[in-house]
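Chemist: Submitted below is the structure of interest, expressed as structure tokens.
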Amino acid sequence: MIEHEAQTPRSASPQDAGLQPPEALYIHVPFCVARCPYCDFVVYAGADARGPRARAGALYDALARELELRADALDTRFGSNRSLLRSVYFGGGTPSLIPGERLGELLRTIRTRFGLASDAEVTLEANPGPDERGDLAAFRAVGASRLSLGAQSLDAGELHRLGRRHSPADVAAAVAEARAAGFKSLSLDLLYDVPGQSLESWERTLRAALRLRPDHLSLYALTLDDPGAEGLAGEGGDHLPSTPGALRWRERARLDQDDDRAADQYQLASEVLAADGWRGYEISNWARPGHESRHNLAYWERRPYEAAGPGAHAFDGAVRRWNAARLDRYVAALVPPDGTPELPPGGSERLEGATATSERLILALRLDRGIPAAWANEPPYSAVGVWAETSGLVESVEIAGEPRIRLTVRGRLLSNELFARLV
């Protein structure tokens, strides 16, 4: 267990060098009505999410406790006069299953204990189905300002193959309802390299999405990982084991994936969105001006962020910390029947030296503004820079009067090869 620190202000110690108070806060709400077979996020579905045996109420109580304890620890380390949070992100799972009043309670705790900027971006992820998107008007009323809809596809057959519960019409209805509720910033998630998906069906999904006039699009290649095989799903791991049925689905789905088709689909998306005035500000993310995800930019720019919830990750500028994924252990630590609440089990790692430098390079290269040209003269980039340039993966540009190096479209397609050489 991570022990809660005594609430006594203290000066920074040598081991605290590099630590910074958070600019953003991530909250993981792990419940879904049903679990999709490709999903490897921390998710509890079915009776855990709804009905007489649902564990949602206990989770919301535990989240409130964790937020208090995390704020206490930040007060101890940095004092109470920290900068206001610029972003709060409720991810999942399906956070739109949360009742509006519960969301309001959590946001009041965040405002009181962490401080929230008046123009803060408060994102809520939602599923588009009518029984999953929740009370969008209530969410907007208590302070959510940005909605991220897990559309995944606008092709009925593809949605069925992915195990999604909504239809293309539900996506359109959810967008209309969100706009009516007053959401001024709306994002859609879409998947490509889906089993049975052609270049033509992907283009139809893209163009159908554009007709809905969202402000932000996240386009992800379908990944079919097994957290258990990667050693991430143990007792203190930040993932849950995949079910045998999900693993069988992924094995079949991999047979219908194709790297060349995925590359063509990404190239097509880049061209279609550029022609429509979108900025591909990150490898997988496009936005209309002013709608770049402030929260995700905090990750890519290695800014400090706090986190709460099962499986959630935090970063303070030097140390990455995570909560274990097990909901029972999470709730037991924070809402014990007897005794004093304590922070939930999890783990941490200090990022320093070559590891921190490589991560900084890789995250910066994911963005369309790339890295300062001066970084090219330092390892590890200096060892691969000539190869990356002659291979057409990077280009030299000037942005706001500063020479920089960024990925080309080809470089985005082959970014994993470049990043592997930077580690």
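Chemist: Measure off 7 Å from each Cα along the Cα-to-Cβ vector at THR76 and ARG207, then give the distance between these two points in nanometres to one decimal.
Modeler: Calculated label separation equals 5.9 nm.
Chemist: Please compute the modelled spin-label separation between SER415 and ALA172, points set 7 Å along Cα→Cβ, answer in nm with one decimal.
Modeler: 3.2
Chemist: Arrange the following residues from fewest to most other Cβ atoms within 10 Å of their Cβ: ILE399, ILE283, ILE27.
Modeler: Details: ILE399 12, ILE283 18, ILE27 24.
Placing the least packed residue first, the sequence is ILE399, ILE283, ILE27.
Chemist: How much mean residue ellipticity at 222 nm does the chain get from its helices, if each DSSP H run of length 4 or more adds -39500 (n - 2.57) and you divide by all residues, to the nearest 500 deg cm²/dmol? Write down the numbers at each step before the final one.
Modeler: On the way: 14 runs with 157 residues, N = 423.
Rounded to the nearest 500, the figure is -11500 deg cm²/dmol.
Chemist: Only one of the listed values, (i) 21.5, 64; (ii) 20.9, 68; (iii) 22.8, 72, was derived from the coordinates as Rg and Dmax of the Cα atoms in Å; which label is it?
Modeler: After the calculation, the listed value that fits is (i).
Chemist: List PHE114, PHE41 from most exposed to least, where exposure is judged by having the fewest other Cβ atoms within 10 Å. List each step's numbers first, then the result.
Modeler: Details: PHE114 21, PHE41 17.
Placing the least packed residue first, the sequence is PHE41, PHE114.
Chemist: What is the distance in Å between the Cα centres of segment 309-367 and segment 241-280?
Modeler: If we compute the Cα centre of each part, the gap is 28 Å.
Chemist: Can you give the net charge of the other residues whose Cβ lies under 11 Å from the Cβ of LEU413, counting K and R as +1 and D and E as -1? The partial results should precede the final answer.
Modeler: On the way: positive: ARG410, ARG412; negative: ASP259, ASP260, ASP264, GLU417.
Summing Lys/Arg as +1 and Asp/Glu as -1 gives -2.
Chemist: Stretched out fully, how many nm does the piece from ASP338 to ASP131 gain, at 0.36 nm a residue minus the Cα gap? Numbers along the way, then the final one.
Modeler: Values: separation 207, 0.36 × 207 = 74.52 nm, distance 3.63 nm.
Full extension from ASP338 to ASP131 adds 70.9 nm.
Chemist: Report the label-to-label distance for ALA356 and ALA274 in nanometres (one decimal), using points 7 Å from each Cα along the Cα→Cβ vector.
Modeler: 3.6
Chemist: Let me have the relative contact order for segment 328-388, percent, based on Cα pairs under 8 Å that are six or more residues apart. The partial results should precede the final answer.
Modeler: Working: 25 pairs, mean separation 11.1, N = 61.
Result for segment 328-388 is 18 percent.
Read-outs: derived from the displayed coordinates by stated rules, not from any lab. Everything numeric in this text was worked out from a predicted model, so none of it was measured. Positions of Cβ are backbone-derived with ideal geometry, glycine not excepted, and every protein chain shown enters the neighbour counts.
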